[in-house]
């Protein structure tokens, strides 16, 4: 499995987290496990937990504790109404960006020669 560019991942991590939590609440480790299973093996707790905290501080997520029979309570996250709006905005932005990138990368020969200059 190919490694993803760290800077690209940083740019889409909030979108990934909001998307996952829009379908099912989760706690940190379970979220990391879901991301890895979805094809992001390089994402570690040290990257995901701060992003969850940022989303919670921004009001896009809220957390609650669930007692665990085998240790301390787990902090679960769920998406808020503003988080759903943020998800919609980020999804729209992602689709616009990926379409624009695809337009250029699908025709690389069209971008190698400056306009008006013959090759």
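Computed values, structure above
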{"item": "Subset of the range 1-23 that is part of a loop (DSSP other than H, G, I, E, B) and loosely packed, with under 11 Cβ neighbours inside 10 Å - its residue that is nearest to the chain's Cα centre (by Cα)", "result": "5"}
{"item": "Residue that is modelled with the lowest pLDDT, among those in the range 11-37 that are more than 17 Å from residue 74 (Cα to Cα) and out of contact with any helix residue (DSSP H, G or I) (no Cβ under 8 Å at 6 or more places or on another chain)", "result": "11"}
{"item": "Pairs, first assigned to a helix (DSSP H, G or I) in the range 69-84, second at pLDDT 95 or above, C-beta under 6 Å, six or more apart", "result": "82/59; 82/60; 83/18; 83/60; 83/61"}
{"item": "Residue match in the range 35-49 (condition: surrounded by 15 or more Cβ atoms within 10 Å (Cβ to Cβ) and touching a strand residue (DSSP E or B) at 6+ places or on another chain (Cβ under 7 Å))", "result": "no"}
{"item": "Yes/no for residue 88 being in a helix (DSSP H, G or I) and either surrounded by 11 or more Cβ atoms within 10 Å (Cβ to Cβ) or at pLDDT 95 or above (or both)", "result": "yes"}
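The values are calculated or read from the model by the stated rules, or taken from the named source; none is laboratory data. Every value quoted in this text rests on a predicted model; they were computed, and no experiment measured them. Here Cβ is always computed from backbone atoms with ideal geometry, including for glycine, and neighbour counts include all displayed protein chains.
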